[in-house]
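The next block holds one structure in the form of structure tokens; read it before the comments.
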Amino acid sequence: MKCLIVDDESFCRDFVATLLSATADCHQASSGMEALEKYKAALAAGEPFDLVIMDIMMPGMSGHDAAKAIRHIEKEQKPAKRVNIVMLTALNSSNDAMESFCNAQSAAYLVKPVSKEGLFNVLSKLGLMKR
Ligand SMILES: [Mg+2]
């Protein structure tokens with residue numbers, strides 16, 4: 001599984017990458033713009049991501065906007081499958097994550113601080129990980 005971890009805080013990216021190190025080929029982006037660039041490059045190279053874990057609150061382009069942009073590219077380029085997007089939200093903004101979920105941009109969301117159990121539960125529900 002190829003995974004892109006997007007968060008403006010490096011310790012959050014590193015933490016998720018550590019949790020997934022045994023199961024995923026993890027790449028990181030520190031902003032929505034960088035995430036889009038990496039998403040597009042992977043698609044163009046024929047090695048698309050299976051999973052994007054996307055922080056919502058980031059300076060510049062938000063996780064919402066980056067997720068919307070990814071779905072827009074998918075509409076235009078029609079890759080074989082849509083990437084799974086899991087939004088990361090702080091406790092006080094889970095409504096934000098729900099909004100993204102309901103707009104079908106993301107398949108699931110996780111409330112920070114991310115736990116191994118919570119992350120693995122979500123990934124197994126999405127069929128990305130065996131428990
Ligand atoms: Mg953030």
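Does region 1-15 hold any residues that are in contact with a helix residue (DSSP H, G or I) (Cβ under 9 Å, 6 or more places away or on another chain), of a type in the set (A, V, I, L, M, F, W, C) and either open to solvent by 70 Å² or more (accessible area, probe 1.4 Å) or within 13 Å of the ligand (Cβ to nearest atom) (or both), and which are they?
Ile5, Val6
Out of region 40-49, which residues are open to solvent by less than 40 Å² (accessible area, probe 1.4 Å), farther than 16 Å from Arg13 by Cβ and assigned to a loop (DSSP other than H, G, I, E, B)? Let's see the steps before the verdict.
First pass over region 40-49, keeping only residues open to solvent by less than 40 Å² (accessible area, probe 1.4 Å): 42-43, 49.
From what's left, farther than 16 Å from Arg13 by Cβ: 42-43.
Scanning region 40-49 gives no hits.
May I ask you to verify whether Arg82 is at pLDDT 90 or above and assigned to a loop (DSSP other than H, G, I, E, B)?
Working: at pLDDT 90 or above: yes; assigned to a loop (DSSP other than H, G, I, E, B): yes.
Yes.
Give the residue, chosen from Thr18, Thr23, that is within 22 Å of Glu117 (Cβ to Cβ), in a loop (DSSP other than H, G, I, E, B) and either open to solvent by 30 Å² or more (accessible area, probe 1.4 Å) or of a type in the set (Gly, Ala, Ser) (or both).
Numbers: Thr18 fails: in a loop (DSSP other than H, G, I, E, B).
From the options Thr18, Thr23, the qualifying one is Thr23.
Taking the conditions exactly as written (closer than 14 Å to Gln105 by Cβ, under 15 Å from the mean Cα position of the chain (by Cα) and either buried (at least 16 other Cβ atoms within 10 Å of the Cβ) or modelled with pLDDT under 95 (or both)), does Ile56 satisfy them or not?
Details: closer than 14 Å to Gln105 by Cβ: yes; under 15 Å from the mean Cα position of the chain (by Cα): yes; either buried (at least 16 other Cβ atoms within 10 Å of the Cβ) or modelled with pLDDT under 95 (or both): yes.
So Ile56 passes the test.
The values are calculated or read from the model by the stated rules, or taken from the named source; none is laboratory data. Fair warning: this is a prediction, and the values are worked out from it, not measured in the lab. Cβ sites come from the backbone with ideal geometry, for glycine too, and all protein chains shown count toward neighbours. Calculation scope for accessible area: heavy atoms of the full protein, side chains included, ligands and nucleic acids excluded. Shrake-Rupley method; radii C 1.70, N 1.55, O 1.52, S 1.80 Å.
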